[in-house]
Amino acid sequence: MPDSIYKATRKEHEMTRDDVCDAAIDSGKPLQPERLERIENGKLEIHPEEVMLLSEIYGEPTLCNHYCSKECPIGQKYVPEIKVKDLTQIVLEMLSSLNSMKKNQERLIEITADGIIEDDEIKDFVFIQKELERISITVETLQLWVEQMIAEDKIDKEKYARFINEQTT
């Protein structure tokens, strides 16, 4: 039986359960080694706040997406699994999706202008909806990439947060 993602991630970071639990205590969010062992071995369900804690300790924001898309009943329905990609691939996918939407913009207006999607419009509407979903997933992939770069100290967290705050005010 393969290791759970939580055990595999801990091993990748060459940490013992005690190391993880010490880091959890240092962050002010205690986690008992016995509980971590039972989570890693699939004997206990992990809580969302524990996923966030492990994600912070390991510097692995992908754990949160994994939990939401694979383990959370609500997330399984609404949160797509995000694959880690390099920045070039993310940007190319984004541009491809945006170009496709630009071509379909007028058709979307035609379909939705009357507030009703007619039977003969459904096929085009679904195609456009799927393109919008691709854009959304690409945006989420970019956000995950940024979070990973911040976790790896490749992007300055404080500067990034400052510019984000400037853009929202």
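Numbers below:
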{"read-out": "Leading residue at positive end of dipole, the chain (Cβ point charges), from H66, L87, L98", "value": "L87"}
{"read-out": "Accessible area of segment 82-167 belonging to carbon and sulfur atoms, whole % at 1.4 Å probe", "value": "56"}
{"read-out": "Computed over segment 81-169: relative contact order in percent, which uses C-alpha pairs under 8 Å that are six or more apart", "value": "41"}
{"read-out": "Sequence-separation-based contact order of the chain, relative, with Cα cut under 8 Å and 6+ spacing, percent", "value": "18"}
{"read-out": "Solvent exposure of the chain as accessible area per residue, Å², 1.4 Å probe", "value": "69"}
{"read-out": "Of K70/K130; K85/K130; K103/K123; K7/K70, pairs whose Cα-Cα distance is over 18 Å", "value": "K70/K130; K85/K130"}
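The values are calculated or read from the model by the stated rules, or taken from the named source; none is laboratory data. Remember, predicted model here, so these are calculated numbers, not experimental data. In this analysis, Cβ positions are derived from the backbone assuming ideal geometry, glycine residues included, and neighbour counts consider all displayed protein chains. When the accessible area is computed, the model is the full protein with side chains, heavy atoms only, and any ligands, DNA or RNA have been set aside. Shrake-Rupley method; radii C 1.70, N 1.55, O 1.52, S 1.80 Å.
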